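To start, the structure itself, in structure tokens.
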Amino acid sequence: MCGRQFSYGAKKQEIQGKPICPVCGNPMHLYKIEGEVIRFRCSDYPVCKTFRKFRIKEED
């Protein structure tokens, strides 16, 4: 066993409008979702170690 936990039937959350890294200009990838905050990391990591945080907005 790998020691990771998975939820059967869970669907990956699709993120629209991924940000561009303000330092190097590369696209950023979803890194982590922590409660109501989404963290993105530069796709050029570990060369560029830029992170950005955004609050999740609920759509009505």
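Worth a mention:
- The residues on offer are GLY3, GLY17, GLY9, and the sole one that is on the phi > 0 side of the Ramachandran plot, modelled with pLDDT under 90 and under 13 Å from the mean Cα position of the chain (by Cα) is GLY17.
- Tally, over the range 20-60, of residues that are among the acidic types (Asp, Glu) and either surrounded by 10 or more Cβ atoms within 10 Å (Cβ to Cβ) or modelled with pLDDT of 70 or more (or both): 3
The values are calculated or read from the model by the stated rules, or taken from the named source; none is laboratory data. A quick note: this is a predicted structure, and the numbers were derived from the prediction, not measured. Counting neighbours? That spans all protein chains shown, and the Cβs are built from the backbone with ideal geometry, glycine included.
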